[in-house]
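The values are calculated or read from the model by the stated rules, or taken from the named source; none is laboratory data. Since the structure is predicted, the reported quantities are computational estimates derived from the model, not experimental observations. Quick reminder, even Gly has a Cβ in these numbers, built from the backbone with ideal geometry, and neighbours come from all protein chains shown.
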Amino acid sequence: MRNHWILSNIFVRQFLLSLLTTVCLVATASAEDDAPEVIPLIAVDSYATTALWTLVFVEYFIPEVDRRLAEKGNYQIHWNKAFGGTIAKTRGVLDSLEHDLADIGIITTPYHPDKVPFHNLPYATPLVTSDIGLVARTMSDLVKKYPVLAEQWANHKLVFLTTAGSIDTYQVFTNFEVKDLQDFAGRKIAGVGLNLRLLTGLNAAPVNSGISDWYNNLATGLVDGIIGWVEGSIAYRLYEVAPHMVDVRLGAVATKAITVNQKTWDRLPEEVRQILIETAEDYRDELARETDRRAALSRERYVQEGGKILVLTDEQRREWAMGLPNIATDWAEDMEERGLPGYAILKDYMDAMRANDQPIMRHWDRE
């Protein structure tokens, strides 16, 4: 009888153990079924996170995408952050995305006027607005309105998400005191690309020079001033060698574009695509807000460091604007020659500025 009782208990224990194992296996399988699918993405920019747009991408865009995906619980992104030249050097981000070396990235558009000429529009319409948020939103809206602009990116196997910018407005910083526009005559002023055309009419001598050389060029007298922005003047300590800021408000420019490799885009679930689009646009607006905040602080810091600011009157700003060739129509004509609706886009851009009551010194599309 005792042996029968022992055998019965052994059988029960084995049965319970088997049942428990089965339950655990089912629970594990169920948990695995409920786990979000992990999607690896390589994010790229040639600039390190010391650059504001990259910093906001890392501190806002990536966590916000993660948060929104976690709310739905279906997908999770494993990010590989390739910033600061680990994959792409300066001017190389577009190529790295086009040739499948990365999945999503921040492209500096002025480096590629031959490939995406549309994005030079804010440079071609100076003295119109210093509202970087408005410029970035308007540029993004124009890409939506004119699909041919998105096709410019598609030609390089890229999907456009949004335009963004971190320069509130270009100013002029000098090592000499400026009282009126005539003081620029004969002076050597450094800048990059289309910015050098903004010196036309001032009888100044344009010098092509990048921001990393500005301090030394000013210190050695190679140049007398630079076209830059106030946050950059603090980051590179230009107040030490260019203690005069001419507050001309040449204008805000959106110089960044968030794009995704086409092959990557094609394999992404629709839910992930939509979250990337929505978060990219929110990143654009967040970057604009942070740009304005830092610009205000940098302006205060410039004065604290001994810098002096000359605020030009609207009359002086209009004089500056009218002394320029119509670089906006030059831009539009170049677009037309490429088969793009340059004049229509220019009008839409200026209409958006007028609709938002911007302090326009010259209506570039009406000449």
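Grab the strands (runs of 3 or more DSSP E) fully contained in the stretch 163-220, keeping just those with 3 or more residues being out of contact with any Ser or Thr (no Cβ under 9 Å at 6 or more places or on another chain) and not assigned by TED's automatic domain parsing to the domain that holds VAL246.
Numbers: elements: 167-174, 188-191, 205-208.
Once the strands (runs of 3 or more DSSP E) in the stretch 163-220 are filtered for at least 3 residues that are out of contact with any Ser or Thr (no Cβ under 9 Å at 6 or more places or on another chain) and not assigned by TED's automatic domain parsing to the domain that holds VAL246, nothing remains.
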**Asked** Taking TYR123 and the conditions (1) buried (at least 22 other Cβ atoms within 10 Å of the Cβ); (2) not in a helix (DSSP H, G or I), which numbered condition does it fall short on, given that it satisfies the others?
**Response** (2)
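Conditions tested, residue by residue: (1) in contact with a Lys or Arg (Cβ under 7 Å, 6 or more places away or on another chain); (2) touching a residue at least 24 places away in the same chain (Cβ under 8 Å); (3) closer than 29 Å to ILE234 by Cβ; (4) not hydrophobic (A, V, I, L, M, F, W, C).
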{"site": "ILE277", "(1), (2), (3), (4)": "no, yes, no, no"}
{"site": "LEU297", "(1), (2), (3), (4)": "no, no, yes, no"}
{"site": "THR313", "(1), (2), (3), (4)": "no, no, yes, yes"}
{"site": "ASN326", "(1), (2), (3), (4)": "no, yes, no, yes"}
{"site": "LEU340", "(1), (2), (3), (4)": "no, yes, no, no"}
{"site": "TYR343", "(1), (2), (3), (4)": "no, no, no, yes"}
{"site": "ARG354", "(1), (2), (3), (4)": "no, no, no, yes"}
{"site": "PRO359", "(1), (2), (3), (4)": "no, yes, yes, yes"}
**Prompt:** Within the stretch 77-109, how many residues are crowded, with 18+ Cβ neighbours inside 10 Å and part of a helix (DSSP H, G or I)?
**Reply:** 6
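Specify which of the listed residues (ALA70, ALA35) is aliphatic (A, V, I, L, M), within 46 Å of the chain's Cα centre (by Cα), at pLDDT below 95 and farther than 30 Å from ARG294 by Cα. Write out each step before concluding.
Working: ALA70 fails: at pLDDT below 95.
The match here is ALA35.
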**Asked** Of all residues in the stretch 272-312, which are touching a Leu at 6+ places or on another chain (Cβ under 8 Å) and either buried (at least 21 other Cβ atoms within 10 Å of the Cβ) or acidic (Asp, Glu) (or both)?
**Response** VAL272, ILE275, LEU276, ALA280, GLU281, LEU287, GLU290, THR291
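Got a sec? Which of MET350, MET361 is assigned to a helix (DSSP H, G or I) and either crowded, with 16+ Cβ neighbours inside 10 Å or assigned by TED's automatic domain parsing to the domain that holds GLN76 (or both)? So that I can check it myself, show each step before the final result.
Numbers: MET361 fails: assigned to a helix (DSSP H, G or I).
MET350 is the lone residue from the list that is assigned to a helix (DSSP H, G or I) and either crowded, with 16+ Cβ neighbours inside 10 Å or assigned by TED's automatic domain parsing to the domain that holds GLN76 (or both).
Restricting the search to the stretch 93-142, which residues are small (Gly, Ala, Ser) and farther than 26 Å from TRP265 by Cβ? Walk me through how you get there before you give the answer.
Quick first cut of the stretch 93-142, residues small (Gly, Ala, Ser) only: 96, 102, 105, 124, 130, 133, 136, 140.
Across the stretch 93-142, the qualifying residues are ALA124, SER130, GLY133.
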**Asked** Inside the stretch 264-289, can you point out the residues that are of a type outside the set (Asp, Glu), in a helix (DSSP H, G or I) and either touching a His at 6+ places or on another chain (Cβ under 6 Å) or more than 30 Å from ILE360 (Cα to Cα) (or both)?
**Response** THR264, TRP265, ARG267, VAL272, ARG273, GLN274, ILE275, LEU276, ILE277, THR279
**Fill in**
Of the residues in the stretch 309-347, those that are within 11 Å of THR125 (Cβ to Cβ) and not in a helix (DSSP H, G or I) come to LEU324, ASN326
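Taking the conditions exactly as written (within 25 Å of the chain's Cα centre (by Cα) and buried (at least 17 other Cβ atoms within 10 Å of the Cβ)), does HIS156 satisfy them or not?
Working: within 25 Å of the chain's Cα centre (by Cα): yes; buried (at least 17 other Cβ atoms within 10 Å of the Cβ): yes.
In short, yes.
Just to check your reading of the model, which residue among PHE83, PHE57 is modelled with pLDDT of 95 or more and in contact with a helix residue (DSSP H, G or I) (Cβ under 6 Å, 6 or more places away or on another chain)? Steps first, please.
Numbers: PHE57 fails: in contact with a helix residue (DSSP H, G or I) (Cβ under 6 Å, 6 or more places away or on another chain).
Sole residue among the options that is modelled with pLDDT of 95 or more and in contact with a helix residue (DSSP H, G or I) (Cβ under 6 Å, 6 or more places away or on another chain): PHE83.
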**Request:** Collect the residues in the stretch 226-263 that are closer than 23 Å to ALA51 by Cβ and in a helix (DSSP H, G or I), keeping them in residue-number order.
**Result:** VAL230, GLU231, GLY232, SER233, ILE234, ALA235, LEU238, TYR239, GLU240
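Give the residue, chosen from TRP229, TRP214, that is closer than 18 Å to PRO110 by Cα, in contact with a helix residue (DSSP H, G or I) (Cβ under 8 Å, 6 or more places away or on another chain) and crowded, with 17+ Cβ neighbours inside 10 Å. Break it down stepwise before answering.
On the way: TRP214 fails: closer than 18 Å to PRO110 by Cα.
That would be TRP229, the only listed residue that is closer than 18 Å to PRO110 by Cα, in contact with a helix residue (DSSP H, G or I) (Cβ under 8 Å, 6 or more places away or on another chain) and crowded, with 17+ Cβ neighbours inside 10 Å.
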**Among the candidates PHE176, PHE184, residue that is surrounded by fewer than 17 Cβ atoms within 10 Å (Cβ to Cβ) and either modelled with pLDDT of 95 or more or among the charged types (D, E, K, R) (or both)** = PHE176
